[in-house]
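Inspection log for the structure reproduced underneath, given as structure tokens.
No lab work stands behind these numbers, since they all come straight from the coordinates. Model, not experiment: these values are computed from the prediction. Here the Cβ is made from the backbone with ideal geometry for all residues, glycine too, and neighbour counts use every protein chain on show.
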Amino acid sequence: MTDTWKTRTKLVHEGSRRSQYGEMAEAIFLTQGFVYPTAEDAEARFVKAGEDEFIYARYGNPTTRMFEERIAGLEGTEDAFATASGMAAVSGALTSVLRAGDHVVSARALFGSCLYILEEVLTRYGVQVTFVDGADLEAWRAAITPKTKAVFFESMSNPTLELVDIRGVSEIAHANGALVIVDNVFATPIFSRAVDQGADVIVYSTTKHIDGQGRALGGVVCGTQAFIRKTLEPYMKHTGGSMSPFTAWIMLNGMATLDLRCRAMAQSAAAIATALEGHPKLARVIYPSLASHPQHALAMAQMGSGGTLVTFDIAAGKEAAFRFCNALDIIKISNNLGDAKSIATHPATTTHQRLPQDQKDLLGITPGLIRLSVGLEDTDDLITDLMHALDHA
Ligand SMILES: *Cc1c(COP(=O)(O)O)cnc(C)c1O
């Protein structure tokens, strides 16, 4: 049945559940609880809830379940659990697995809040964390030992679009019995083949491409049924990080157009990267499908696309980068990504402001660096906006 469906069919129909009314659109079950016909039914459901039986929205809800089944179908995992935000997904995936005395190896280039969980939270509970240069397989090999319980990385890093070789790291991790947890936001669920490449657990902030219109925070963890229902769900449902049914409904609607949007954005991003490369005011343009990207071949093998973000370095530094941002018209200054609206971010003073200078240097976050999340506007209009703003840089 649905196993034979291709991506765009799954994105529209997978996981649909209809009530007795046969509604066409996915219904929002805006209810925290569920009524049992008899006390015996209540007892039976608490022993083991069936496929269409729910107990409490923190444990599960029909609208949220539709979203979980749709994203699991897309990602190619057995199951998924939807969370209140991307960070609830990242912290849940890590914390539900780890305990005091365990060892984790993580890539160093991480979203700020992910870094906080690994560096500040997990270590407080006795988990030992080793950070490595994610692009260096030898560094992973040296750090992962039979004592390593899990490895964690963003498959494409923020903001310098550096790739981690999912297959390579997974082989090393699995040889040592470690679980591979991948934050796959920048790769998008459309360009992801992380499961085929060996990842065990895939985490998304659905706030980004899956919503795609900047409306709601959300997250999801995808994995085997055993991991999702036996390890993650007990932790999530008791600690309170579940997704609300209203958010799940927004995400379900976002998914219907996810493939079209990600492909259109990536096509624009490639055209923009090509147009910007070699511009006299830019020290460099980073985009994985450009031949100049140091991991071009890996990006094409791993994602088959350069993705929806382009990063570039304005050679004259911070003041020039600010003049550039302030001269943009269509492209907005903000810090979300994956949105229909194109967004320019100056990482050094916003998303990565708190990092000490040596960390910024290590991660290539220069004073002139701009991260551009390419939206759905006309490509030529975006290029005109960028070129005009560069004149002011
Ligand atoms: C945005 C983001 C997160 C956090 O997601 P929220 O929905 O904001 O909680 C985690 N990882 C990456 C790579 C992100 O871009």
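What share of Cα pairs, in percent, lie more than 27 angstrom apart in the range 258-391? Please list the in-between numbers first.
On the way: 1269 of 8911 pairs.
Roughly 14 percent, rounded to a whole number.
Looking only at the range 69-97, which residues have a backbone nitrogen under 19 Å from a spot 7 Å from the Cα of Asn335 in the C-beta direction?
Only 85-91 fall inside the zone, counting backbone N under 19 Å.
For labels at Ala283 and Ala316 in the simple 7 Å Cα→Cβ model, what's the distance in nm?
Going from the Ala283 label point to the Ala316 one covers 1.5 nm.
Within a Cβ distance under 15 Å of Gly240, other residues only, what is the Lys/Arg minus Asp/Glu net charge?
Details: positive: Arg58, Lys237; negative: Glu233.
Result for the local shell: +1.
For Lys237, go through the aspartates and glutamates and keep the ones whose alpha-carbon is under 14 Å away, minus same-chain ones fewer than eight residues off.
Filter leaves no residues.
Sorted by packing (mean other beta-carbon atoms within 10 Å per residue), highest first, where do 77-85, 11-19, 185-193 land? The partial results should precede the final answer.
Values: 77-85: 23.3, 11-19: 15.7, 185-193: 25.1.
The packing order, highest mean first, is 185-193, 77-85, 11-19.
Report, in degrees rounded to the nearest 10, the 0 to 90 angle that the Cα long axis of helix 245-256 makes with the longest principal axis of the chain.
Helix 245-256 sits roughly 60 degrees off the main axis of the chain.
What's the FRET efficiency of Lys230 with Tyr21 using the Cβ-Cβ distance as r and R₀ = 30 Å, to the nearest 0.05?
Numbers: r = 34 Å, r/R0 = 1.15.
That pair, Lys230 with Tyr21, gives E of 0.30.
By how many nm would the segment from Asp196 to Val121 grow when fully extended, if each residue of separation counts as 0.36 nm and the alpha-carbon distance is taken off?
Numbers: separation 75, 0.36 × 75 = 27.00 nm, distance 3.08 nm.
Extra length available between Asp196 and Val121 comes to 23.9 nm.
Given 0.36 nm per residue, what is the gain on full extension from Arg58 to Ala291 after removing their alpha carbon distance, in nm?
Numbers: separation 233, 0.36 × 233 = 83.88 nm, distance 4.70 nm.
Net length gain for the segment: 79.2 nm.
For Trp5, Trp140, which order do you get if you count the other beta carbons within 10 Å of each Cβ and list the fewest first?
Details: Trp5 14, Trp140 26.
The most exposed by this proxy come first: Trp5, Trp140.
Taking springs between alpha-carbon atoms closer than 10 angstrom, which of Ile333, Ile166, Ile144 fluctuates most in the Gaussian network model of the chain?
Ile333
Which value in deg cm²/dmol, rounded to the nearest 500, describes the helix-derived mean residue ellipticity at 222 nm for the chain, given -39,500 (n - 2.57) per DSSP H run of n ≥ 4 and division by the residue count? Could the numbers behind the result be given before it?
Numbers: 15 runs with 142 residues, N = 393.
After summing the helix terms and dividing by the residues of the chain, the value is -10500 deg cm²/dmol.
Please give me the summed charge of the neighbours of Leu110: other residues whose Cβ is under 11 Å from its Cβ, Lys and Arg +1, Asp and Glu -1. Each step should come with its number before you reach the end.
Numbers: positive: Arg108; negative: Glu119, Glu154, Asp183.
Residues near Leu110 contribute -2 overall.
Once you place label points 7 Å from the Cα toward the Cβ at Ala142 and Arg99, how far apart are they in nm?
Computed distance between label sites Ala142 and Arg99 equals 3.2 nm.
At 7 Å along Cα-to-Cβ for each site, give me the label-to-label distance between Arg354 and Thr384 in nm.
4.1
For helix 86-95, report the angle its Cα long axis makes with the longest principal axis of the Cα atoms of the chain; keep it between 0 and 90° and round to the nearest 10°.
For helix 86-95, the angle is close to 70 degrees.
Between the helical axis of 166-175 and the dominant principal axis of the chain, each derived from Cα atoms, what acute angle in degrees is found, rounded to the nearest 10?
Tilt relative to the chain: about 50 degrees.
Among DSSP bridges having both ends in the chain, what percentage is antiparallel? Round to the nearest 5. It would help to have the intermediate numbers written out before the result.
Details: 24 of 43 bridges.
Beta bridges within the chain, antiparallel portion: roughly 55 percent.
Just Met66, Met243, Met300 to compare: in a GNM of the chain, with alpha carbon springs under 10 Å, which one fluctuates most?
Maximum fluctuation in the GNM of the chain, among the listed residues, is at Met300.
I need the P(r) histogram for the chain: all alpha carbon pairs, bin width 10 Å from 0 out to the longest distance, whole percents.
Using 10 Å bins, I get a P(r) of 5, 23, 31, 24, 12, 3, 1, 0 for the chain.
How high is the relative contact order of the range 258-391, given as a whole-number percent (alpha carbon pairs under 8 Å, six or more residues apart)? Mind showing how you got there, number by number?
Numbers: 224 pairs, mean separation 37.4, N = 134.
Once divided by the residue count of the range 258-391, the mean separation gives 28 percent.
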